[in-house]
Amino acid sequence: MSEKEDLAKQKAEAAARAKAVALARKEAKAAAEKPEVEMDIAKQKAAAAAKAKAAALAKKQAKEEAAEKPEVEMDIAKQKAAAAAKAKAAALAKKQAKEEAGEKPEVEMDIAKQKAAAAAKAKAAALAKKKAKEATEKPEVEMDIAKQKAAAAAKAKAAALAKKKAKEATEKPEVEMDIAKQKAAAAAKAKAAALAKKQAKEEAAEKPEVEMDIAKQKAAAAAKAKAAAASKAKAAAAAKNRTAAQESEEADTPSEISPNQSKLDQIVSAIESHVGHGALLENYINRLSKDVPTLVANPDTYFSIAKFLRYDEQLDFSYLSELHGTDFESHMEIYVHLHSFKMNQSVALKVKLDRDTPVIPSLVPLWSGANWPECEAYDLLGINFYEHPDLKRILLGEDWKGYPLRKDYEPYDVEV
């Protein structure tokens, strides 16, 4: 459409508007000359007629413009026509409200304002509904094109961002690359360690009883070896300490004669006279134990010497106060403490036994008090007292493995 045609249309629209305004004024003036009741009706009719005429004119203009313009220009023309119609309706409503406000009392003004507001709202709602309908009538092709354009723009933006990040990554200095490699290596190591631990745990949980027994046996063997090494080291240290103590004892031995020396000489002389020379391996005063006379018997003469001490009328050692055994690692030893009420004197009788086969006669036939002490030595050290009336274990069960007071004792069950 040419510029001249647009100008002619605009002039025609202006003339129509002026004509409508003049007509509205004329009708309003004529209505003002009527009595009050008729004036209200006439004004309302005039306002309604003016509104209808303006709406019809706007609709006609919109229809003409829509028929002549292509699709692209139609949207612009519709928007312009809608804007013009809004402006015209607003101006008309304002003018009518002004005229009515000047002629009507306050009560009528409120009614007029309410009516004008209601009419404006209805018109605006109709216009909005029309626009929405036109928007939904857009061809699908245009909607698809818009969507494709938006998707292409999003793809291009994502590609540019990825390219930028890749470029930044390639520009990192070598130090950062090394750190990244180290972190990756550490993560891989940690993952491998966790996997190995998990597999080991699963394998341990799935091991059959036979493998578990083997593991226990290995653990027991290791514990035994460790205990044997510890006991060996402990025994060596004890032997060293005993040697040092003996040397110290010999060095500190007082030069004065013990008050029990004469008693010891008397007992030794009596034993040699009745049992025989060589029956005793040695004899001495034990200054660390109240100077008690101590006799060390030969294993073959142990019982004969004990019997002589028990039944000799002059000695009469009728009371056995103590009997115990000791493991010296190199040998076993039995210690017997006797007392003579007739002599008012105590004496100690010792005998050294072979550690591998510690066997010695029982003293129960001589002193009944030796019964339980010999059972205890048998139970804890494994010393066998033959001719004992009832030799048995009194602290541990008969099925117990080993002898707990031996220096090389190893528990049969490491868990006990």
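Table for the structure above
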read-out: Pairwise label distance in nanometres, ALA90 with LYS121, each label 7 Å out on the Cα-Cβ vector; value: 1.9 nm
read-out: Local net charge near SER318, Cβ-Cβ under 10 Å (Lys/Arg +1, Asp/Glu -1); value: +1
read-out: Net +/- balance of residues flanking GLY276 in space, Cβ distance below 15 Å, scoring K and R +1, D and E -1; value: -2
read-out: Per-residue SASA entry for LYS121, accessible area with 1.4 Å probe, Å² rounded to 10; value: 150 Å²
read-out: GluC sites (Glu not before Pro) lying in DSSP loop within region 269-314, provided at most 11 other Cβ fall within 10 Å; value: GLU313
read-out: Rounded accessible area of ASP265 (nearest 10 Å², 1.4 Å probe); value: 80 Å²
read-out: 18 Å Cα-Cα reach of LYS183 towards lysines, excluding residues that sit fewer than 8 places from it in its own chain; value: LYS172, LYS191
read-out: Solvent-accessible surface (1.4 angstrom probe) belonging to ILE257, in square angstrom, nearest 10; value: 140 Å²
read-out: Lysines with Cα under 17 Å of LYS155, excluding same-chain neighbours fewer than 8 positions away; value: LYS147, LYS163, LYS164, LYS165
read-out: Solvent-accessible area per residue for region 256-302 (1.4 angstrom probe, square angstrom); value: 55 Å²
read-out: In Å, descending, principal axis extents of the Cα set of region 339-416; value: 53, 23, 21
read-out: Cα-only Debye scattering, region 256-383: base-10 log of I(q)/I(0) at q = 0.10, 0.13, 0.18, 0.19 Å⁻¹; value: -0.29, -0.50, -0.98, -1.09
read-out: Approximate spin-label separation LYS98-LEU288, in nm, with each point projected 7 Å along Cα-to-Cβ; value: 13.6 nm
read-out: Separation of the LYS232 and LEU7 label points, Cα + 7 Å toward Cβ, nm; value: 12.9 nm
read-out: When each of LYS86/LYS130; LYS307/LYS342; LYS350/LYS401 is checked by Cα-Cα distance, pairs over 23 Å; value: LYS350/LYS401
read-out: Added length on full extension, which subtracts the Cα-Cα distance from 0.36 nm per residue, HIS331 to GLN114; value: 65.2 nm
read-out: ASP399, ASP379, ranked by accessible area, largest first (probe 1.4 Å); value: ASP399, ASP379
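The values are calculated or read from the model by the stated rules, or taken from the named source; none is laboratory data. Just so it is clear, the model here is predicted, and its values are computed rather than measured. Note that we place each Cβ from the backbone using ideal geometry, even for glycine, and neighbour counts take in every protein chain shown. Please note that ligands, DNA and RNA were not included when accessible areas were found on the heavy atoms of the full protein model with its side chains. Shrake-Rupley method; radii C 1.70, N 1.55, O 1.52, S 1.80 Å.
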